[in-house]
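Q: After the structure tokens below, expect a handful of questions from me.
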Amino acid sequence: MACPGGQIIKACDFPQFFVDQTPKFDELIMRDIRPTDGWLLNVSTGTVPMGTPVEVTQDRFRVVWPNTTKKWNRVHAASPGCEGSPCDPTENLIGWGADRLTYYSEQQVWQTPLLCYDQDMHVTQAKEHIDQIVNDILRPATSAISSAFLRKRALLWCKYRHAANSTLSPFTFEWVAAGAANDEEIYFDASVPPTQIFHLVPQMLQNNFSRSMREGYAGKNPFQETSPFIELVTDMSTIWFLDKLGAGQGVGGTPSVGSNWRFQEWGEAGKFWRYGFSGQIGNYLARMDEFGLRFNFVADLGAGAHGGNGNRYRYQIVLPYTNNPTTGAGGASGLGADVNTDYDQAQFRISFQWHKKVMELRTQDARPLSPHTPFAHRDFGGRWEFQMHDLGEDADGNVIANPWHNKGRFAAWFKYQVRPLNYEFGRVYFHKSTDMCIPEIDTCKPSPGYPAQSYSSALPDCPAPDGWYGRGVPTGDNAGPIPSEAPEQG
């Protein structure tokens, strides 16, 4: 503020002669925080012994149930006429059998771009960034790659696959590769149309509970002490949906089914909100899978697609993240993962009835073949290594030489076998789900409009405007008599 007679000081009156080191970089470099996938801890694991072929045939002894409809024959005393055959009674027959199936080894190899020590040694934050690459990208990638593989093989090896409808109709499927190199399993072709797929509801689980007990899910004496539990692997929206239906609230006009849920009482309605990502749905223990298989419907392919005998309906997989270009931070633009909102809106989903003994994830044993063949030790479980030899070709097609060992890259080899175990314990539910519907609640009173408001807290500019006197005492025609002395302000 400049009063009359004052001097206005302009910016050019302050020449700048100080050292100014700009731009100034914050010493704190932020990092993305992403949850870690968790399927590896929920599957039996083992190793593939040396000398095991890439394809293995497995035999399985089967149990046979006796024909209990057979008539019981009354025993008669021996008669003088040797009637009947008391020493050679009628014998009922019971047999046995076995199944034979085949499983096989599968692999993927991953690598990063090349790093050059002589170039990176002059980058100010190279050490911190490499630590972030190893700890926040590569190691979590091992879990994400392996877990995605396990979901697909669980879908393959579970004995029962149900579409979520009133008949729990079985369905078949196949993955169809697409993409620029035709090596991305983008499409999921199933035998069930989208019009026959609905929400997963408690009755679907209830109808399969007794069947699972009879197949040995809880062992030979499932009801010896207390009613057993079955593991359900699904997304959080489905868990909340099942809880709302079972807790007597109903969802979207669907009445409560709590009275039809026979196994045990429902817990507090809000317990999932309080405890987070797990809970109990009747006699099912729910494990939340934040990265489960989700799809959007694409097209009806018609009868006989891919040489099949039935109709095929194409669904497209949706992943939880998309990788988008970054702005770069002193270097070339890179990639960064952003949450994919299409994943939240994808309505077609896969949930599992699960048991650790459904299948076993086996990793190839890499012990030396012989002391006379000292091959380098390798890890086939996705452990990232830094490679400095045989780095391929450069952009001009020349072999990349590395005599100084100053070039390298990270790489990992995944080589797995999935051995089916008690695959009858596993069930697949292909169902719909969605985020909870958001209610729109309006206010109970009408809008007050826009009455005039004044919130100024600034003193009057100088000189004082007409009508003001001394220390804020108003004067003028409507101000009344001027006091001889204004009172002191407290």
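The values are calculated or read from the model by the stated rules, or taken from the named source; none is laboratory data. Worth saying up front: this structure is predicted, and the values here are computed from it rather than measured. Note: ideal-geometry Cβ built from the backbone for every residue, glycine included; neighbour counts use all protein chains shown.
Q: I'd like the full set of residues that are in a helix (DSSP H, G or I) and surrounded by 15 or more Cβ atoms within 10 Å (Cβ to Cβ), limited to the range 208-236.
A: Within the range 208-236, the first condition is being in a helix (DSSP H, G or I), and the residues that meet it are 208-214, 236.
Correct list: ASN208, PHE209, SER212, MET213, MET236.
Q: Given the conditions (1) more than 26 Å from ALA366 (Cβ to Cβ); (2) part of a helix (DSSP H, G or I), and given that ILE145 satisfies all but one, which numbered condition is not satisfied?
A: (1)
Q: Same structure again: If LEU285 passes every condition in (1) over 16 Å from the mean Cα position of the chain (by Cα); (2) modelled with pLDDT of 70 or more; (3) under 21 Å from SER351 (Cβ atoms); (4) surrounded by 18 or more Cβ atoms within 10 Å (Cβ to Cβ) but one, which one does it miss?
A: Only one criterion is unmet by LEU285, namely (4).
Q: Here's a follow-up. So which residues in the range 152-178 are out of contact with any Gly (no Cβ under 7 Å at 6 or more places or on another chain) and of a type in the set (D, E, K, R)?
A: Selection gives LYS152, ARG153, ARG161, GLU174.
Q: With ARG367, ARG383, ARG362, ARG378 as the choices, which residue is free of Cβ contacts under 8 Å to residues at least 40 places away in the same chain and among the basic types (Lys, Arg)? Let's see the steps before the verdict.
A: Working: ARG367 fails: free of Cβ contacts under 8 Å to residues at least 40 places away in the same chain; ARG383 fails: free of Cβ contacts under 8 Å to residues at least 40 places away in the same chain; ARG362 fails: free of Cβ contacts under 8 Å to residues at least 40 places away in the same chain.
Every option except ARG378 fails the conditions.
Q: With respect to GLY382, is the statement that it is under 20 Å from the mean Cα position of the chain (by Cα), surrounded by 15 or more Cβ atoms within 10 Å (Cβ to Cβ) and under 22 Å from VAL134 (Cβ atoms) true?
A: Working: under 20 Å from the mean Cα position of the chain (by Cα): yes; surrounded by 15 or more Cβ atoms within 10 Å (Cβ to Cβ): yes; under 22 Å from VAL134 (Cβ atoms): yes.
Yes, satisfied.
Q: Continuing with this model, one more query. Take the residues in the range 410-448 that are within 30 Å of GLN58 (Cα to Cα) and aliphatic (A, V, I, L, M), then tell me which one is farthest from the chain's Cα centre (by Cα). So that I can check it myself, show each step before the final result.
A: Applying the first criterion (within 30 Å of GLN58 (Cα to Cα)) to the range 410-448 yields 412-430.
Those left that are additionally aliphatic (A, V, I, L, M): 412, 418, 421, 428.
On the way: ALA412: 22, VAL418: 21, LEU421: 24, VAL428: 16 Å.
Restricting to residues being within 30 Å of GLN58 (Cα to Cα) and aliphatic (A, V, I, L, M), the top hit is LEU421.
Q: Among the residues of the range 45-89 satisfying the criterion of being β-branched (Val, Ile, Thr), at pLDDT 85 or above and in a loop (DSSP other than H, G, I, E, B), which is farthest from TYR423 (Cα to Cα)?
A: Among those that are β-branched (Val, Ile, Thr), at pLDDT 85 or above and in a loop (DSSP other than H, G, I, E, B), it is THR69.
Q: Quick check: anything in the range 146-155 surrounded by 18 or more Cβ atoms within 10 Å (Cβ to Cβ) and farther than 30 Å from TRP110 by Cβ?
A: no
Q: Of everything in the range 93-135 that's in a loop (DSSP other than H, G, I, E, B) and exposed (fewer than 10 other Cβ atoms within 10 Å of the Cβ), which residue is farthest from the chain's Cα centre (by Cα)?
A: Filtering the range 93-135 down to residues in a loop (DSSP other than H, G, I, E, B) leaves 93-96, 112-114, 121-125.
Imposing the further condition that a residue be exposed (fewer than 10 other Cβ atoms within 10 Å of the Cβ) reduces the set to 93-96, 113, 122, 124.
On the way: LEU93: 50, ILE94: 47, GLY95: 45, TRP96: 42, PRO113: 27, HIS122: 39, THR124: 36 Å.
Here the answer is LEU93.
Q: If the requirement is being in contact with a Ser or Thr (Cβ under 7 Å, 6 or more places away or on another chain) and modelled with pLDDT under 95, which of these qualifies: ASP390, ASP396, ASP379, ASP365? Give the derivation first.
A: Numbers: ASP390 fails: in contact with a Ser or Thr (Cβ under 7 Å, 6 or more places away or on another chain); ASP396 fails: in contact with a Ser or Thr (Cβ under 7 Å, 6 or more places away or on another chain); ASP379 fails: in contact with a Ser or Thr (Cβ under 7 Å, 6 or more places away or on another chain).
The conditions single out ASP365.
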